[in-house]
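Visitor: Structure provided below as structure tokens; questions to follow.
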Amino acid sequence: MDVISEAVEDLRIGQVYGRRAEVPATFAGRFDACEGVGFHVLLRGEGWLISESAAPARMRAGDVAVIPHGAAHGFGPRPCTLAELPPAPMGLQAAPTTPTPVDMICGIYRLERGGSIHPFLRSLPDVLLIASDGRLGALSELLTDDLDKPRDGMLVTHRALVDLVLVHALRLWHAEHRETAPAWDALADPGIAAALREIHASPEAPWTVERLSRTAGMSRTAFTRRFTALVGAPPMTYLIGRRLHQGAQLLRETDAPLAAIARRVGYATEFAFAGAFRREFGMPPGRFRTLTEPLLLRQAG
């Protein structure tokens, strides 16, 4: 299983919001907790990434910060506590004469109401700081150029470039912390990993706890206990979530009829699928499909 790709695919179900801001070198601001995965790309300047769960960390041009659980965090010109930072203002832009302004992109993959963060992202620390390398720097430069020169297709390229920045940042972080990082333990367990591979390969199959436990080579009780401990949800709850997230992707990316989508993700009728979908995402499938998916990356001000 490619958990990084899968985690980012889950995020693509929701909407991406972002803002590019040029701010003074003295800028200090706190970003409140939110439902989703936050990110910051520092294009120019430097500062300090502040959080409640880790020591202040210096950010330099090209670095990327990822906030996997949407935890409160901040950015400032010097080390401090999160409580010392004022709320980050919207639309703040440096005056032309301000020396060495900080230029950054601040954004969030906002989850649809009721949507859940992928277990791999849940296993990560509250704040990740990824130092730039050649590829990450090149991606950031491409994103900056795309923002500076609006062209046809920019909504598509903005989204694709943000996804690429996030994927490469997660790769770099995981490679650097391979020995100490809290890897998604479910994949390290042969039995649970086998069950997960089956769920992800064929979520529409008529899975039961009994059938999955046989795949894992465990008793039902031991399998359920182990799966819940490692994945963070009981087997059938996780299965339903995978089906509904796949259904949400099909709603966004295809024009297939609702009944066909329901069958593809394991529901006998569109009514059963619609009811489960509403409980997960807080809206019926038809309304979800009509929502736009803007990437609001723009100049501050």
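Visitor: Starting from the amide H of Leu111, placed 1.01 Å from N in the peptide plane, find each other amide H under 5 Å away whose residue is 5 or more places distant or on another chain.
Guide: So Leu111 has HN proximity to Gly36, Val37.
Visitor: For the stretch 3-176, report the convex hull volume of the alpha-carbon atoms normalised per residue, in Å³, without decimals.
Guide: Spread over its residues, the Cα hull of the stretch 3-176 gives 117 Å³ apiece.
Visitor: What's the exposure ranking of Ile50, Ile117, going from fewest to most Cβ atoms within 10 Å? List each step's numbers first, then the result.
Guide: On the way: Ile50 27, Ile117 21.
The fewest-first ordering by Cβ neighbours comes to Ile117, Ile50.
Visitor: Let me ask something additional. What nm value, rounded to one decimal, do you get for the distance between Ala138 and Leu155 when each label is placed 7 Å out toward the C-beta?
Guide: 2.9
Visitor: Count the DSSP beta bridges whose two residues both fall in the stretch 3-176, then state the antiparallel fraction as a percent rounded to the nearest 5.
Guide: 95
Visitor: Considering Cα pairs under 8 angstrom that are at least six residues apart, work out the relative contact order of the stretch 185-289 and quote it in whole percent.
Guide: 23
Visitor: Can you list residues whose amide H is under 5 Å from Met59's amide H, if they're 5+ apart or on another chain and H is modeled 1.01 Å from N?
Guide: Those lying under 5 Å, H to H, from Met59 are Gly47, Trp48, Leu49.
Visitor: Moving on. Any idea what the dipole of the chain comes to, in debye rounded to 20, about its Cα centre with Lys/Arg Cβ at +1 and Asp/Glu Cβ at -1?
Guide: It works out to roughly 740 debye.
Visitor: What is the order of Leu42, Leu172, fewest Cβ neighbours within 10 Å to most? Intermediate values should be presented prior to the final figure.
Guide: On the way: Leu42 24, Leu172 18.
Result, fewest neighbours first: Leu172, Leu42.
Visitor: Between Cys80, Ala138, Ala233, whose Cα lies farthest towards the positive end of the dipole of the chain when Lys and Arg beta carbons carry +1 and Asp and Glu beta carbons carry -1, centred on the Cα centre?
Guide: Farthest along the dipole direction, towards plus: Ala233.
Visitor: Looking at the chain, what % of its DSSP beta bridges pair antiparallel, to the nearest 5?
Guide: 90
Visitor: Now, a different point. Remind me, relative contact order of the chain in percent, using alpha carbon pairs under 8 angstrom and six or more residues apart?
Guide: It rounds to 23 percent for the chain.
Visitor: Please give the helix 190-201 orientation as an angle from the longest Cα principal axis of the chain, in degrees from 0 to 90, rounded to the nearest 10.
Guide: Result, in degrees: 90.
Visitor: Separate question: State log₁₀ I(q)/I(0) for the chain at q = 0.07, 0.15 Å⁻¹ as given by the Debye formula over alpha-carbon point scatterers of equal weight, solvent excluded.
Guide: Values, matching the q order: -0.31, -1.19.
Visitor: What full-extension length gain, to one decimal in nm, is calculated for Arg44 and Asp255 as 0.36 nm per residue of separation minus the Cα-Cα distance? Please list the in-between numbers first.
Guide: Details: separation 211, 0.36 × 211 = 75.96 nm, distance 4.16 nm.
In short, 71.8 nm is gained.
Visitor: Which residue, chosen from Gly153, Gly217, Leu187, occupies the Cα position most advanced towards the positive end of the dipole of the stretch 143-222, where the dipole is computed from +1 (Lys, Arg) and -1 (Asp, Glu) charges on Cβ about the Cα centre?
Guide: Result: Gly217, furthest along the dipole toward the positive end.
Visitor: State the extension gain, in nm to one decimal, for the chain segment bounded by Ala54 and Arg225, taking 0.36 nm per residue of separation less the distance between their alpha-carbons. Numbers along the way, then the final one.
Guide: Details: separation 171, 0.36 × 171 = 61.56 nm, distance 3.15 nm.
Extending this stretch completely gives an extra 58.4 nm.
Only the coordinates and a few stated rules stand behind these numbers; no lab work does. Because the structure is predicted, anything quoted here is derived from the model rather than measured. When we count neighbours, we look across all protein chains shown, and the Cβ atoms used for this are built from the backbone with ideal geometry, even at glycine.
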